[in-house]
Amino acid sequence: MRSEETPRLIGADGLGALFTALRDRGYTVVGPTLRDGAVVLAELDSAGQLPSGWSADTEAGRYRSRRREDGAVFAHCAGPVSAKTFVHPPRARLWSADRNPDGSVSAAGPDAPAKRFAFVGVHPCDIAALGVLDRVLAGGEHPDPVYTARRDGTFVVVAECTEPAATCFCTSMGTGPAATAGFDIAITELLDGGHRFLARGGSPAGTEVLAALPSVPAGAEDTAAATAAVERAAAAISRHMPDEPLPALMTASRESPRWADVASRCLTCGNCTMVCPTCFCTSTEDVTDLTGQHTEHQRHWDSCFSLDFSYLHGGPVRTSTASRYRQWMSHKLGTWQEQFGMSGCVGCGRCIAWCPAGIDITEEAAALAAARLEDAP
Amino acid sequence: MITLAVWKFASCDGCQLSLLDCEDELLAVAGQVRIAHFLEASREVLPGPYDVSLVEGSITTAADAERIRAIRDASRVLVTLGACANAGGIQALRNSADVAEYASAVYARPDYLDTLATSTPIAAHVDVDYELHGCPIDKGQLLETITALLAGRKPNLPAHSVCFDCKRRNNVCVVVAHGEPCLGPVTRAGCGAICPAFGRGCFGCFGPAETPNGPAEADLLRAHGMSGDDIRRLYRTFTVSAFAEVAGDAS
């Protein structure tokens, strides 16, 4: 069955069957759950851990989970954890070496994870972000074995976005709120007229799992309701990027006075890059043990907002906050395109919500665009 | 086997206790280093020179100012431990007050005291090779430093913000999700973001990160309900002198 064939309708209790089907097939299910006041992605044992009846209200520098009257499971956006945490973990061992009693040295490569992940309930912007990571970490001449070992064979159940947050701007980046590719199953949560899910397969594996779930063919009114819910979501998105080619804007803005302005507000704390679902930068370090017989080469998430990240012989290259913010934004929206043939930003809005200072990349882009117009002859 | 000496100046002993707190790793440490001077652990004292000296506490007396120079001269590598040794500690609150007035208010016989007017970090007196921050220090950083010195490599001691570590361990940000005031964005990492992991804001015991933005942090703290006085007090706890510049813009 291909995605254009008749979608299926799954009842509210069908998510339990989905979890069972995925676990039966050997997947470790990763999905949204409420923890410490936020909807985060985590390994889940059952559908009962999904954030039933929870939404999130976001603004620049602000996130609050909110109880809902209904039992909506996927009506939340911009949580602080993205799929990146699972496929490109914050810390990974690249290799280790041990000195043997006879003086020889034996080495081992990266840990091979014992898990195959099934992502359940991630949104279309998150799928787009996985596509970006696929290109960056696995699409070149030297695929990253840590990433491919976690990403290969993943199963993706995307939840089309029906309740975008105030920080979302996926429509500007062309990544949502509808799911178009990159999934095994796409579901659309329907609330009016009974809690249910419209589901369609996006791959042979997805179709096979879908067939194992209790479902009925979706009626025309259910399909129309799903389309309308996603269209309402698109119309509800209130943040936008400037409607112009962003790489050209970034190139033209290299000397913009706006960088000094944003630098006065930027804490260089690195939160934007850490929550970004595509920021992939890392540093490596050697970790030895006390005996000197064992060493590990470890990799951890790093950020262009730290001084050490641009440390070359003699000192860091990007000492000013302005230069570090410019590096991040110019790469994300501009040079990423040259480097990987795609935008580094998927419009999920996490960097806006989780910036303690409330710096808003759409506002900064708009300011750069306005400043360029002022400069124009 | 290298020789290790542990020295105490004005401090609470909590940082050197971190070495004993290494429990699981302590035997491995003892197998690799000769502990030559560590009065909290052993009365045995071996003469110098020492390969590595761990120095806790701040300089608050003329005698200690002399003693730290002798220790420096006897040490190949000198590592300072904690907020007192690196920033003068809580006792550096005296630096902006009248010590004679303090002494007369607190002690029945202030003339018994022989103290300097200031509490200053070790680095204000002698060269320091590595600084381990915190109140107390992180035992992982202590082990990392000893291990690195044994292997002849640079210890991994980051200078970026606490936020990096908070996100790496999947903490939910207490500022953004709960409106808790937090010094994490301007504070040096190394503790593993332990306070936010328990749902409270960072109180800055590691001192400032590499490039703290004081005015922006003050805006953030004010937005979460703190007055100028609250903000100054928040900075003036464990690393008052190190945060002086950052806090200078707080009001």
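Just to check your reading of the model, which residue among A:VAL81, A:VAL105 is within 28 Å of A:CYS168 (Cβ to Cβ) and β-branched (Val, Ile, Thr)?
A:VAL81 is the lone residue from the list that is within 28 Å of A:CYS168 (Cβ to Cβ) and β-branched (Val, Ile, Thr).
Filter the stretch B:178-198 down to the residues that are within 23 Å of B:SER227 (Cβ to Cβ) and either of a type outside the set (Ser, Thr, Tyr) or part of a helix (DSSP H, G or I) (or both) and list them by number.
Scanning the stretch B:178-198 gives B:HIS178, B:GLY179, B:GLU180, B:PRO181, B:CYS182, B:LEU183, B:GLY184, B:PRO185, B:VAL186, B:CYS195, B:PRO196.
Considering only the stretch A:58-82, how many residues are within 13 Å of chain B (Cβ to nearest Cβ), surrounded by 15 or more Cβ atoms within 10 Å (Cβ to Cβ) and not hydroxyl-bearing (Ser, Thr, Tyr)?
10
Which residue pairs have Cβ atoms closer than 8 Å, lie 6 or more positions apart in sequence or on different chains, and pair a first residue in the stretch A:283-299 that is assigned by TED's automatic domain parsing to the domain that holds A:ARG99 with a second residue that is open to solvent by 50 Å² or more (accessible area, probe 1.4 Å)?
none
Please specify each residue of the stretch B:1-32 satisfying the condition of being buried (at least 18 other Cβ atoms within 10 Å of the Cβ), outside any loop (DSSP other than H, G, I, E, B) and touching a strand residue (DSSP E or B) at 6+ places or on another chain (Cβ under 6 Å).
Result: B:THR3, B:LEU4, B:ALA5, B:VAL6, B:TRP7, B:LYS8, B:ALA10, B:CYS15, B:GLN16, B:SER18.
Quickly run through the stretch B:195-251 and pick out the residues that are open to solvent by 10 Å² or more (accessible area, probe 1.4 Å) and among the polar types (S, T, N, Q).
B:THR211, B:ASN213, B:SER227, B:THR237, B:SER241, B:SER251
Residues are listed down the side, and each one gets a yes or a no for (1) at positive phi; (2) more than 7 Å from chain A (Cβ to nearest Cβ):
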position: B:CYS163; (1), (2): no, no
position: B:VAL174; (1), (2): no, yes
position: B:GLY179; (1), (2): yes, yes
position: B:ALA189; (1), (2): no, yes
position: B:ALA218; (1), (2): no, yes
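So which residues in the stretch B:32-67 are closer than 26 Å to A:THR288 by Cα and hydroxyl-bearing (Ser, Thr, Tyr)?
Those that are closer than 26 Å to A:THR288 by Cα and hydroxyl-bearing (Ser, Thr, Tyr): B:TYR50, B:SER53.
Restricting to the stretch A:181-201, what's the tally of residues that are over 16 Å from A:CYS348 (Cβ atoms), in a loop (DSSP other than H, G, I, E, B) and open to solvent by 40 Å² or more (accessible area, probe 1.4 Å)?
So the answer is 5.
Can you list the helices (runs of 4 or more DSSP H) found entirely within the stretch B:94-177 that contain at least 2 residues being in the same structural domain as B:ARG76 (by TED's automatic domain parsing), touching a Cys at 6+ places or on another chain (Cβ under 8 Å) and aliphatic (A, V, I, L, M)?
Values: elements: B:99-106, B:139-151, B:162-168.
Correct list: B:139-151.
Out of all the residues in the stretch A:24-36, is one or more open to solvent by 40 Å² or more (accessible area, probe 1.4 Å) and in contact with a Ser or Thr (Cβ under 6 Å, 6 or more places away or on another chain)? Lay out the reasoning, then the answer.
The initial filter retains those residues of the stretch A:24-36 that are open to solvent by 40 Å² or more (accessible area, probe 1.4 Å), namely A:24-26, A:34-36.
If we keep only those that are in contact with a Ser or Thr (Cβ under 6 Å, 6 or more places away or on another chain) as well, we get none.
No.
Here are the criteria: (1) at the interface with chain A (Cβ under 9 Å from one of its Cβ atoms); (2) more than 16 Å from the chain's Cα centre (by Cα). Tell me which single one B:GLY214 does not satisfy.
Failed condition: (1).
For the stretch A:166-180, enumerate the residues that are among the small types (Gly, Ala, Ser) and either at pLDDT below 95 or under 15 Å from the mean Cα position of the chain (by Cα) (or both).
Residues satisfying the conditions are A:GLY174, A:GLY176, A:ALA179.
The values are calculated or read from the model by the stated rules, or taken from the named source; none is laboratory data. Remember, it's a predicted structure, so these values are computed and weren't measured experimentally. FYI the Cβ positions are ideal-geometry reconstructions off the backbone, even for glycines, and counts take in every protein chain you see. Ligands, DNA and RNA are stripped out before the accessible areas are found, and what is left, the full protein with its side chains, is counted by its heavy atoms. Shrake-Rupley method; radii C 1.70, N 1.55, O 1.52, S 1.80 Å.
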